[in-house]
Amino acid sequence: MIIKPKFRGFICTTAHPKGCAQQVRNQIDYVKSQPAINGPKKVLVIGASTGYGLASRITAAFGAGADTIGVFFERPSSGNRTATAGWYNTAAFEEAAREAGLFAKSINGDAFSNEIKQQTIEMIKREWGKVDLVVYSLAAPKRVHPETGEVFSSVLKPIGQTFSNKTVDFHTEEVSHISIEPATEEEIRHTIAVMGGEDWKMWIDALQEADVLNEGAKTVAYSYIGPVVTHPVYREGTVGRAKNHLEATAHELDKQLKEIGGEAYVSVNKALVTQSSSAIPVVPLYISLLYKVMKEKGLHEGCIEQMYRLFNERLYTGGEVQVDEEGRIRIDDWEMREDVQAEVSARWSKVDSDNLKELSDIEGYRRDFFQLFGFETDGVDYEADTEANVTIQSLA
Ligand code: NAI
């Protein structure tokens, strides 16, 4: 079929298999163009199909020559519905990994469940014995608690007071004001349950109990801090509470892993266009200003550049892992540079619908968004009849 982008709210409901495959190849080529990483050899990535998790998997495989198991929640194609982008990304990743002689298998299902944890542990035992690195990169709107069955939904809201600020609709390029009502205590509790560290700890506990973590194994999960302008809706809001919980969990897991000489970290990453971040109000406008400023300064990075730097310059340098005063890895260091933030902040106060194109990289934001779903990618013929039914070989 001929596959075109189709929208519902902030998400694109179609994805292009050839475009997704090209995006994955571009990321692989980037990593292969960089010096090899003396890193982990057996890597489990939870949330491995898109965004930071996919980039982590690609970096481990093509940067460090690692065998990988990827866990994610994606949908195959059916009838005239395309698969999700993460499905196509994974099919392309596995194919490239196999061609390179690397082991790559995937598990598609709810990572919050006990069943998927057990299935993953069985695969590790059967195929590898033990893992060297566990990357935890889930971003989910909902979680069913595996013990109680309670269904939690995360919300993106401020805490304590209404938050009003600018936001942009990147489809219409209109800058407008948005007001978001504060979260209830119940909504805060729910968001912590979905995006906090409880499930990460459940994974590490289960892996440790099954004795499938190698001596010196590391685990890393991803967090975000960002600029003052988004603090009320992000870092000091519901998701920020969840990230506080995730960061506290890293300290707990770090102590726990000492038993096997292991380490646990949270890495604070740069704000980037992913399926998750495009749904956050205010953040897309900040990201488009940030992109423009960082591109002008020659500092711009995407997920793959960020993850390569995380592995090569933080996690696997052969020495101590460099962290901030709270024990966090900071690869948002370029985003948070004083000169970058001062320029973004000056532009933030001036930006409106009329000067949006001049002050921000809204075009780059929009293109990145389409590229998440395999569209607007060089080297792909979008008018060609395309097979939407693509197999992920390890799931066949
Ligand atoms: P994403 O939406 O691109 O990826 C989410 C991944 O989780 C996908 O692989 C998806 O299949 C998987 N997933 C979701 N629900 C699942 C479930 N129930 N079971 C199994 N897999 C499931 O998100 P992104 O942006 O890469 O986020 C990953 C982490 O990075 C999150 O913790 C996020 O807060 C963090 N982060 C993101 C930043 C950004 O600007 N995008 C900045 C800094 C941190």
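For region 328-339, state whether one or more residues are surrounded by 17 or more Cβ atoms within 10 Å (Cβ to Cβ), in contact (Cβ under 8 Å) with a residue 60 or more places away in the chain, in a helix (DSSP H, G or I) and among the charged types (D, E, K, R). No, region 328-339 contains no residue that is surrounded by 17 or more Cβ atoms within 10 Å (Cβ to Cβ), in contact (Cβ under 8 Å) with a residue 60 or more places away in the chain, in a helix (DSSP H, G or I) and among the charged types (D, E, K, R). Tell me, yes or no, whether region 359-371 has at least one residue that is of a type in the set (D, E, K, R), under 27 Å from Leu54 (Cα atoms) and assigned to a loop (DSSP other than H, G, I, E, B). Yes, region 359-371 contains a residue that is of a type in the set (D, E, K, R), under 27 Å from Leu54 (Cα atoms) and assigned to a loop (DSSP other than H, G, I, E, B).
Does Arg126 count as in a helix (DSSP H, G or I) and either within 16 Å of the ligand (Cβ to nearest atom) or within 30 Å of Glu209 (Cα to Cα) (or both)?
Values: in a helix (DSSP H, G or I): yes; either within 16 Å of the ligand (Cβ to nearest atom) or within 30 Å of Glu209 (Cα to Cα) (or both): yes.
For Arg126, the condition - in a helix (DSSP H, G or I) and either within 16 Å of the ligand (Cβ to nearest atom) or within 30 Å of Glu209 (Cα to Cα) (or both) - is met.
Here are some conditions: (1) in contact with a Lys or Arg (Cβ under 7 Å, 6 or more places away or on another chain); (2) farther than 25 Å from Ala61 by Cα. Asp332 meets all but one. Which one does it not meet? In the conditions (1) in contact with a Lys or Arg (Cβ under 7 Å, 6 or more places away or on another chain); (2) farther than 25 Å from Ala61 by Cα, Asp332 misses (2) alone. Across region 257-288, the number of residues qualifying as within 30 Å of Glu320 (Cβ to Cβ) and out of contact with any Ser or Thr (no Cβ under 9 Å at 6 or more places or on another chain) comes to 6. When you look at Thr274, is it of a type in the set (Val, Ile, Thr), free of Cβ contacts under 8 Å to residues at least 40 places away in the same chain and within 23 Å of Gly53 (Cα to Cα), yes or no? No; evaluated as a whole, the condition is false for this residue.
Taken over region 210-243, the criterion of being among the β-branched types (Val, Ile, Thr) and crowded, with 19+ Cβ neighbours inside 10 Å is satisfied by Val212, Thr219, Val220, Ile225, Val229, Thr230, Val233, Thr238, Val239.
Look at Glu115 and say whether it is in a helix (DSSP H, G or I), surrounded by fewer than 20 Cβ atoms within 10 Å (Cβ to Cβ) and over 15 Å from the mean Cα position of the chain (by Cα). In short, yes.
Looking across region 198-228, just one residue is more than 13 Å from the ligand (Cβ to nearest atom) and hydroxyl-bearing (Ser, Thr, Tyr), and that is Thr219.
With a cut-off of at least 2 residues that are surrounded by 21 or more Cβ atoms within 10 Å (Cβ to Cβ) and at pLDDT 95 or above, name the strands (runs of 3 or more DSSP E) lying wholly within region 131-176.
On the way: elements: 131-136, 142-144, 151-153, 163-169.
Those strands (runs of 3 or more DSSP E) span 131-136.
The values are calculated or read from the model by the stated rules, or taken from the named source; none is laboratory data. The structure displayed is predicted, hence computed values, not measured ones. Note that each Cβ is placed from the backbone with ideal geometry, even for glycine, and that neighbours are counted across all protein chains shown.
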